[in-house]
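Read through the structure below, which is laid out as structure tokens, and then see the notes.
The values are calculated or read from the model by the stated rules, or taken from the named source; none is laboratory data. As the structure is a prediction and not an experimental result, all values here were calculated from the model. Don't worry about glycine lacking a Cβ; one is built from the backbone with ideal geometry, like all the others, and counts go over all protein chains shown.
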Amino acid sequence: MDLGIAGKRAAVAAASSGLGLGSARALAAEGVHVAICSRDRARVEAAAAEIEGAVVPLVADVSTPEGAIGFVEAAVEALGGVDILVPNAGGPPPGNFASTPLEAYPAAIDLNLMSVVAMCTAAMPSMQERGWGRIVAITSLSVRQPMANLILSNTARAGATGFLKTLAREVAADGVTVNSVQPGLHRTPRVTQTGGAAPDRPMGEADDFGQVVAFLCSQQARFTTGVQLHVDGGDYAGLQ
């Protein structure tokens, strides 16, 4: 299926590995010009080299609002504009209520909530002016069912989901869609780090996840907005 987005310009945050890289790869395969970022120059350049298509590696730290805005601004400069934004960031340290000090929450909120707000703030005005835009944020299945020992991520990403849903309603008439994709267990460094893999649970692949992100950026998905789509191999147990 031709997604109708060849020639569009995308900024994919934290895309030197994992789900961000899978999303960047899927967009590039559709003919999208992609800017990706990482805090590590060697890693982001290596990732760009393995993606077939027009890819620009950028060094940026999206763990702060200032860094997140800086990434979007650098992507606009490199690509001439941003039509598609994929907010993404690594997760905060694991821990439960008893083991997580109050002082740990602000950094987690900056990483997984305020970075999303900041990237959207930087990218949205030009999308509205052009009457076309796609924002697809990578969050987590923990928004639907909080995951054990990930209290910081559960808290911050839930806030991001509320922001994205609100934003979707406000900009729908401007031709901009805003959605989030909630991964379950995928073969990524993050899952390995947190010990989330289990032999009796299905594991997704980052490239398959990226195809879902690319579809939500497509012309065919122009009437799909405000959606929180879980991509989890059936792991979510709820009815809604």
Matching residues in the range 68-117 - criterion: being in contact with a helix residue (DSSP H, G or I) (Cβ under 9 Å, 6 or more places away or on another chain) and at positive phi: GLY81, GLY95
Assess whether ARG43 counts as being farther than 13 Å from VAL86 by Cα and of a type outside the set (Ser, Thr, Tyr). yes
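Condition check ((1) in contact with a helix residue (DSSP H, G or I) (Cβ under 9 Å, 6 or more places away or on another chain); (2) part of a strand (DSSP E or B); (3) farther than 17 Å from ALA123 by Cα) across all residues:
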| site | (1), (2), (3) |
| --- | --- |
| ILE5 | yes, no, yes |
| ALA10 | yes, yes, no |
| ALA14 | yes, no, no |
| ALA24 | yes, no, yes |
| LEU27 | yes, no, yes |
| VAL34 | yes, yes, no |
For the range 140-174, how many residues meet the condition of being part of a loop (DSSP other than H, G, I, E, B) and more than 18 Å from GLY95 (Cα to Cα)? 1
Filter the range 158-174 for residues that are more than 16 Å from the chain's Cα centre (by Cα) and either touching a residue at least 12 places away in the same chain (Cβ under 8 Å) or crowded, with 19+ Cβ neighbours inside 10 Å (or both); the one that is farthest from ALA108 (Cα to Cα) is ASP174
I'm checking my understanding of the structure. Among residues of the range 40-52 that are surrounded by fewer than 19 Cβ atoms within 10 Å (Cβ to Cβ) and touching a strand residue (DSSP E or B) at 6+ places or on another chain (Cβ under 7 Å), which one is nearest to ILE5 (Cα to Cα)? GLU45
Taking the condition of being small (Gly, Ala, Ser) and part of a helix (DSSP H, G or I), how many residues in the range 81-104 meet it? 1
Restricted to the range 175-206, and to residues that are in a helix (DSSP H, G or I) and either acidic (Asp, Glu) or surrounded by 13 or more Cβ atoms within 10 Å (Cβ to Cβ) (or both), which residue is modelled with the highest pLDDT? ALA206
Quick one: count up the residues across the range 1-16 that are touching a Lys or Arg at 6+ places or on another chain (Cβ under 7 Å) and at pLDDT below 95. 0
Checking THR177, THR155, THR100 in turn, the sole residue that is in contact with a strand residue (DSSP E or B) (Cβ under 7 Å, 6 or more places away or on another chain), touching a residue at least 24 places away in the same chain (Cβ under 8 Å) and among the hydroxyl-bearing types (Ser, Thr, Tyr) turns out to be THR177
Within the range 62-69, identify whether any single residue is in a loop (DSSP other than H, G, I, E, B), crowded, with 21+ Cβ neighbours inside 10 Å and either hydrophobic (A, V, I, L, M, F, W, C) or free of Cβ contacts under 8 Å to residues at least 12 places away in the same chain (or both), and answer yes or no. yes
Go through the range 207-240 and report how many residues are modelled with pLDDT of 95 or more, in a loop (DSSP other than H, G, I, E, B) and out of contact with any strand residue (DSSP E or B) (no Cβ under 9 Å at 6 or more places or on another chain). 2
GLY91 - would you say it is in contact (Cβ under 8 Å) with a residue 12 or more places away in the chain and of a type in the set (Gly, Ala, Ser)? yes
Which listed residue, of ALA107, ALA78, ALA74, ALA123, is touching a residue at least 60 places away in the same chain (Cβ under 8 Å) and assigned to a helix (DSSP H, G or I): ALA123
